[in-house]
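For reference, the structure discussed in these notes is given below.
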Amino acid sequence: MRRFHWRLQRLLDVKEQQEQALRLELVALNQEALELRRQIIFHRSLTRTWLLEMRDWPLQRRIDQHGTVMRCVHVAEMRINALELALHDLKAKRKEKTDELMQVRSGRQTLQRLGEEARQEHLRKELLREQKELDDGAQVAFARKMCQPTANKAG
């Protein structure tokens, strides 16, 4: 049986590599988003801690330090807003990569299906060719068998 060779196999291999690369990019984006969320939670808990600590201070200290603490809280809130904006941008980028991955996956699956159909067609043709060879061999054997008794009778 002849070996099956599909002309689009290289393209399928490239699509598989693209899909793997996009998956890795998505994993990296997810890790980055996780880190941003962790930072947001950290800054929120830090501001909450400052305000809770300030609540327990004596009145005079609270009045004296109020402006400083509020500036620190304001800076932390600005940092949180910047992190949330970065997280929003990252989510958009992740959605874009996910859409791209779905397109590549769809193309890969289509190529795999076409490759499997081509392999099945190749197998069917090879089986037909082998069957034809067997049929031809059987016809030749039958013809020889038919010719032999005639040759014996003549002699």
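The values are calculated or read from the model by the stated rules, or taken from the named source; none is laboratory data. What you see is a predicted model; the values in this text were computed from it and never measured. For neighbour counting, all protein chains shown are included, and Cβ atoms are generated from backbone atoms with ideal geometry for every residue, glycine included.
Side notes on the structure shown:
- Subset of segment 107-118 (residues that are exposed (fewer than 15 other Cβ atoms within 10 Å of the Cβ) and over 12 Å from the mean Cα position of the chain (by Cα)): 110, 112, 113, 114, 116, 117
- Checking 9, 18, 31 one by one, the residue that is out of contact with any Cys (no Cβ under 9 Å at 6 or more places or on another chain), loosely packed, with under 14 Cβ neighbours inside 10 Å, closer than 30 Å to residue 106 by Cα and touching a residue at least 24 places away in the same chain (Cβ under 8 Å) is 9 and no other.
- Residue in segment 58-76 that is in a helix (DSSP H, G or I), under 30 Å from residue 121 (Cβ atoms) and in contact (Cβ under 8 Å) with a residue 12 or more places away in the chain present: no
- The residues of segment 94-106 that are exposed (fewer than 15 other Cβ atoms within 10 Å of the Cβ) and either touching a Leu at 6+ places or on another chain (Cβ under 9 Å) or not in a helix (DSSP H, G or I) (or both) amount to a single one, 98.
- Flag if residue 55 is over 29 Å from residue 6 (Cβ atoms), free of Cβ contacts under 8 Å to residues at least 12 places away in the same chain and of a type in the set (D, E, K, R): yes
- Within segment 1-11, the residues that satisfy the criterion of being more than 15 Å from residue 103 (Cβ to Cβ) and either under 9 Å from the mean Cα position of the chain (by Cα) or not charged (D, E, K, R) (or both) are 1, 4, 5, 6, 8, 9.
- Selection status of residue 111, touching a residue at least 24 places away in the same chain (Cβ under 8 Å) and under 30 Å from residue 11 (Cβ atoms): yes
- Which numbered condition residue 6 fails, given (1) out of contact with any Asp or Glu (no Cβ under 7 Å at 6 or more places or on another chain); (2) modelled with pLDDT of 90 or more; (3) not acidic (Asp, Glu): (2)
- Qualifying residue in segment 123-130 (condition: touching a helix residue (DSSP H, G or I) at 6+ places or on another chain (Cβ under 8 Å), in contact (Cβ under 8 Å) with a residue 40 or more places away in the chain and not hydrophobic (A, V, I, L, M, F, W, C)): no
- Criterion (out of contact with any strand residue (DSSP E or B) (no Cβ under 8 Å at 6 or more places or on another chain), part of a helix (DSSP H, G or I), among the aliphatic types (A, V, I, L, M) and over 29 Å from residue 6 (Cα atoms)) met by exactly one of 82, 21: 82
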